[in-house]
Amino acid sequence: MIQSVEKIYSDNEFNYQVIFVDGTISFVPHNEANRHYQEILEWVAAGNTITDPGA
Amino acid sequence: MPLNTIPNKGLTSRGYPSDRLVTPIIINGDMSVAQRGTSETGLRNTGGVYLIDRWAYRRSGTFTTDTFDMSQSTDVPSGQGFVKSLKMDNLSTQSSPPNPTYSAIAQNIEGQNLQMLKKGTSNAESITISFWVKSNKTGTYILEVRDSDNGRTINKSYSINSASTWEKKTISYDGDTSGVLDNDNATSFEVTWFLSASANFTSGTLQTSWGTLTNENRAVGQVNLLDDANNEWYITGVQLEVGEFDSTTLPSFPFESFASNLQRCQRYYQKSYNIGTTAGTATSDGIMLGIRGNGAFAGATRLPVVMRTAPTLTIYSNTTGASGKVRNADTGSDETASTNGVSDNSFNAQGTTSSISTVYQFQYVAEAEL
């Protein structure tokens, strides 16, 4: 279960740093075939916001 | 000839050796590979929880109390060659499941691994699913095959007749002449063993022929495994065969070597740790290295098995076990990790120090489950 999501930029790419409610920190690619990316989309659809510090 | 391609004894009902000559369609059907660990406690409202490789706890709706502990068990049917099973240990005493909810164990299958079924054509193949199951809770249970590409399901019941006794079940499902499965790496079939289901999923008529997914027809008759905290449910020896079989014609279980089974599981989950070491353990056994180049990542971690898709990566400091951290080998301190160049076969990881030739150490888990 997702607690927070931040967009992370690195070497002209980005992915999503996800903190889950159990405290685990993971990196999720911007890839529709990835189930955690799908979870991010659902989390956003539920009214949550991705933190985007900019490139 | 690899072990898992040795033909079965005899011929199938279709007059030629089983399609299992290729590889088992269900992965880790003997529950022997459990890279994540051997127990997961307090399941409730998080779906898609994996413990034994490829097997997920799934649920719908909202439970107000914990439902199950899930574990890898050594309780197995005697004399069948199995050494592990999946155990669901109920935690609650809900006389009826809150509506709308269900709880279940499932394995999802990629569409590109199901094209031989010729689903959606006039030549669509039947399938047969067989498994060993045991529970103190006797009665009717539902096993669903869901075509998630086309929103279609077929649902069959099985009975646990004797309490706390291993029983082998063999259930056939007709071929479906509607709904072609996508030929890709996404889920096409969800094979789901219901454990509980509320009225929202039981109030209709069980859909025993392929048809459009209708929630109230999915789990009609399903017993409520949530009604007594002493309830347990075990499963192992799951196989899915192409064609229609009964208990006398079913091919024997497609046992694989542990190495072969593990390799197929690693398409969906792999880690740098030793097989028996839990992710997040502080250890240098199996550590990876990342090196900072001139203003960019340098040096990639090559994944030993090509994954289903670009994975979710969890990076751990090898020294502290903290997630989201790498260990700067020069300073001997943890730094916030970042990843780059993630593909289905490699990735880069590094910390925050951008000095050229900085060496980072880390462990990883890569997950590309369905």
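Here is a yes/no grid of residues against (1) closer than 21 Å to B:Leu250 by Cβ; (2) at pLDDT below 95:
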position: B:Arg44; (1), (2): no, yes
position: B:Thr62; (1), (2): no, yes
position: B:Met70; (1), (2): no, no
position: B:Leu86; (1), (2): yes, no
position: B:Ser92; (1), (2): no, yes
position: B:Ser130; (1), (2): yes, no
position: B:Lys134; (1), (2): yes, no
* To do: Could you check B:Asn99 against (1) touching a Ser or Thr at 6+ places or on another chain (Cβ under 6 Å); (2) within 29 Å of B:Gly37 (Cβ to Cβ) and say which number it fails?
  => (2)
* To do: May I ask you to verify whether B:Ser188 is within 14 Å of another protein chain (Cβ to nearest Cβ) and part of a strand (DSSP E or B)?
  => yes
* Residue selected from segment B:354-370 under the condition under 30 Å from B:Glu190 (Cβ atoms) and among the hydrophobic types (A, V, I, L, M, F, W, C), by the criterion farthest from the other protein chains (Cβ to nearest Cβ) -> B:Ala366
* To do: Name the single residue, out of those in segment B:323-334 being without any contact (Cβ under 8 Å) to a residue 40 or more places away in the chain and within 13 Å of chain A (Cβ to nearest Cβ), that is nearest to B:Thr187 (Cα to Cα).
  => B:Gly324
* To do: Give just the number: which of (1) touching a Leu at 6+ places or on another chain (Cβ under 9 Å); (2) away from chain A (no Cβ under 12 Å) does B:Thr339 not satisfy?
  => (2)
* Among the residues of segment A:24-46, is there at least one that is more than 17 Å from B:Asn340 (Cβ to Cβ), more than 10 Å from chain B (Cβ to nearest Cβ), of a type in the set (Phe, Trp, Tyr) and free of Cβ contacts under 8 Å to residues at least 60 places away in the same chain? -> yes
* Give the residues of segment B:215-232 that are more than 24 Å from the chain's Cα centre (by Cα) and either of a type outside the set (A, V, I, L, M, F, W, C) or at positive phi (or both), sorted by residue number. => B:Glu216, B:Asn217, B:Gly221, B:Asp227, B:Asp228, B:Asn230
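Any chance you could count how many residues in segment A:34-50 are surrounded by fewer than 17 Cβ atoms within 10 Å (Cβ to Cβ) and over 9 Å from the mean Cα position of the chain (by Cα)? Steps first, please.
Narrowing segment A:34-50 to residues surrounded by fewer than 17 Cβ atoms within 10 Å (Cβ to Cβ): A:38, A:41-42, A:44-50.
Checking which are over 9 Å from the mean Cα position of the chain (by Cα) leaves us with A:38, A:42, A:44-49.
Total satisfying the criteria: 8.
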* Asked: Any idea how many residues of segment B:21-50 are buried (at least 18 other Cβ atoms within 10 Å of the Cβ), away from every other protein chain (no Cβ under 14 Å) and aliphatic (A, V, I, L, M)?
  -> 6
* Pick from segment B:298-317 the residues that are part of a strand (DSSP E or B) and within 18 Å of A:Gln17 (Cα to Cα): which of them is farthest from the other protein chains (Cβ to nearest Cβ)? -> B:Tyr316
* Structure fact -> Counting only residues that are touching a residue at least 60 places away in the same chain (Cβ under 8 Å), surrounded by fewer than 21 Cβ atoms within 10 Å (Cβ to Cβ) and assigned to a strand (DSSP E or B), segment B:335-370 contains a total of 2
* Quick check, is B:Asp174 of a type in the set (D, E, K, R), surrounded by fewer than 23 Cβ atoms within 10 Å (Cβ to Cβ) and out of contact with any Phe, Trp or Tyr (no Cβ under 7 Å at 6 or more places or on another chain)? -> no
* Structure fact -> Exception for B:Arg292 within (1) at pLDDT 95 or above; (2) within 13 Å of another protein chain (Cβ to nearest Cβ) falls at (1)
* Got a number for residues in segment B:256-286 being within 30 Å of B:Lys119 (Cα to Cα), assigned to a loop (DSSP other than H, G, I, E, B) and modelled with pLDDT of 95 or more? -> 3
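The values are calculated or read from the model by the stated rules, or taken from the named source; none is laboratory data. Small disclaimer: the values here were computed from a predicted structure and weren't measured. Note: ideal-geometry Cβ built from the backbone for every residue, glycine included; neighbour counts use all protein chains shown.
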